[in-house]
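Down below is the structure, laid out as structure tokens.
The values are calculated or read from the model by the stated rules, or taken from the named source; none is laboratory data. All of these numbers come straight from a predicted model, not from anything done at the bench. In this analysis, Cβ positions are derived from the backbone assuming ideal geometry, glycine residues included, and neighbour counts consider all displayed protein chains.
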Amino acid sequence: MPRIKSRSLYDLIKSMTKVEKRHLKLLLAQNGNPDDKKVLILFDEINKQDEFDEDKIVSKNPEIKAIQLSNLKAYLYEKIMETLRHLHVHKITDIEIREQIDFAQLLIDRRLYEQGKTCLRKAKKLAQEKNNLELQLEIIKLEKSVLMHSEDGLHRADEIITEVKKINTQITNVNTFSILALKLNSYYTRIGHIRSEHDYKEITQYFHSLLPTYDEKQLSTLEKIHLYKLFSSYYYFLQDYENGYAYSEKLKQLFDQYPELIVSNTDDYIKALNNLLIAQYKLFLYDNFRKTNQELQSVNMHPYVAMNESLRIRLLKYYYIHEINHYFMTGEFQEGCMEIMQKRGEEFNNLINMLDKHSTMIMNYKVACLYFGAGQFNLSIRYLNKIINSSDVDFREDLHCFARILNLVCHYELGNFDVIKYYIISTYRFLLKKDDLHEFQQLIMSFLKNLKFEISNKDLIERFTKLKLNLLPLVNSTYEKRAFIYFDIISWLESKIEKRSVPDITRVKFNQNRSNR
């Protein structure tokens, strides 16, 4: 019996719902097996613990010997997995398909070919509905075994050859699209958006060298899903939001055209809505953004979508990201702080603890910007420090860069001129090390470096105005424009020049943008 790491067993038990735990306990209690009783005690003890402690379990329960614990943990792990499989076999289509394949194999081994064919037909129908190409090939493999004992073997053999060729082509395309998307994501999680012409050439050459030749009209639905996701990510990485929006829209229309895909490919549907929301936010398509956001928030109400923990966490993550983006668009920073960080703070913080480090970093930066817009600079610095003090400096280098820039501006707002000089030096060093000292960063740091307490109000406004004039040409610069994705410094400068709040400036721009659409 394999050894089960204590943490793995503990995490598995803590992930279970009340219904799942109840079914497991019934399974263990009904057998009357002495070992099952020990396993039930072990389960109850682990379930009650905040942190797994083997010694406490053994000392508290003399019937469980230390020498038995390893085997008992492994046995408990297996029983939990059996329970989860039994409970969710009809909720997770892939499990249901595999069950029918297993049944078919058992029947074929008994030479009950017609019964085996019935199971294979059920499995194939489900696999085709689910767009599971690999399981379709596995089913065909068993179909070939049945054909050896069938009168129509010759006729069906030609159909199978055609079917296998088609499925293999689809698998090759899907794998190529998904591997390319994975490679793009690895670039993005390292550097963020492209920073230079060198980045652009490296990415575009790599991308097009691996992209297979295809006829989009001839692609299957599954191939199109992966293709459209790939191109959406590709254009977002290049900061080409117009083209990114076009592919995100095509992906969403695919789900609108075939609503059954929402059930069979729920994860892809959620990602499609997220991609569309990103583009609508960047292009300031506010009314479209609101409509898509409502669709995203209603996914868990779909009558046929089987929600699991992974989908629930993904939906909750996207909910907060796009709620914050909504407040950024409207300039309702204070309202966003109230709604997210005060009213729903416990849920938000619990979510943060469950996210991967990339998502956590994005969330921390967005919250820092939300607090900055609300004028709560100390709280903004608190969340920026979570990024700045992170040991993963080679991860999302762009967020590390702009967290430091925003941190400098926060300290300026708080009048901490004594620490600004120190932070400017450390920021310079960081940017030089990461080869990310571009014109935007140099202008900001040069501006802050020369500020002093005794500067006159008139001179200060002149300096703010000059900085704004120097920054404006960068807004449409191919590689410098990424800076304005991370921090709307133009609105901040305008608030200083016009002596108005950042929310007030943002709201005026919001109303102007809506009236121009």
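Observations on the model:
- Subset of the range 376-404 [at pLDDT 85 or above and in contact with a Ser or Thr (Cβ under 7 Å, 6 or more places away or on another chain)]: Arg404
- Residue check for Ile167: closer than 27 Å to Tyr214 by Cα and either within 30 Å of the chain's Cα centre (by Cα) or of a type in the set (Lys, Arg) (or both): yes
- Criterion violated by Leu147 - all others in (1) modelled with pLDDT under 85; (2) farther than 23 Å from Gln115 by Cα satisfied: (2)
- Just so you know, in the range 351-380 the residues that are assigned to a loop (DSSP other than H, G, I, E, B) and not aliphatic (A, V, I, L, M) include one that is surrounded by the most Cβ atoms within 10 Å (Cβ to Cβ), and it is Gln376.
- Residues of the range 290-339 that are among the basic types (Lys, Arg), within 19 Å of Leu276 (Cβ to Cβ) and under 16 Å from the mean Cα position of the chain (by Cα): Arg314, Lys317.
- Check on Ile46, closer than 21 Å to Met307 by Cβ, at pLDDT 85 or above and among the aliphatic types (A, V, I, L, M): no
- Qualifying residue in the range 195-210 (condition: at positive phi and at pLDDT below 90): no
- Which numbered condition Ile80 misses (of (1) touching a residue at least 60 places away in the same chain (Cβ under 8 Å); (2) surrounded by fewer than 18 Cβ atoms within 10 Å (Cβ to Cβ)): (2)
- Identity of the residue in the range 166-207, among the small types (Gly, Ala, Ser) and either touching a residue at least 40 places away in the same chain (Cβ under 8 Å) or assigned to a loop (DSSP other than H, G, I, E, B) (or both), that ends up farthest from Tyr234 (Cα to Cα): Ser196
- Every test in (1) at pLDDT 85 or above; (2) under 36 Å from the mean Cα position of the chain (by Cα) is passed by Glu54 save one, and that test is (1).
- Taking the criterion of being of a type in the set (S, T, N, Q) and assigned to a helix (DSSP H, G or I), the residues of the range 381-421 that qualify are Asn385, Asn407.
- Residue count for the range 211-226, restricted to those that are part of a helix (DSSP H, G or I) and closer than 17 Å to Ile167 by Cβ: 7
- Residue match in the range 294-307 (condition: under 28 Å from Thr169 (Cβ atoms) and assigned to a loop (DSSP other than H, G, I, E, B)): no
- Counting only residues that are part of a loop (DSSP other than H, G, I, E, B) and of a type in the set (Ser, Thr, Tyr), the range 495-517 holds 1 of them.
- The residue that is farthest from Arg7 (Cα to Cα), among those in the range 33-71 that are of a type in the set (D, E, K, R) and loosely packed, with under 11 Cβ neighbours inside 10 Å, is Glu63.
- Hey, Leu26 assigned to a helix (DSSP H, G or I), loosely packed, with under 14 Cβ neighbours inside 10 Å and in the same structural domain as Ile13 (by TED's automatic domain parsing) or not: yes
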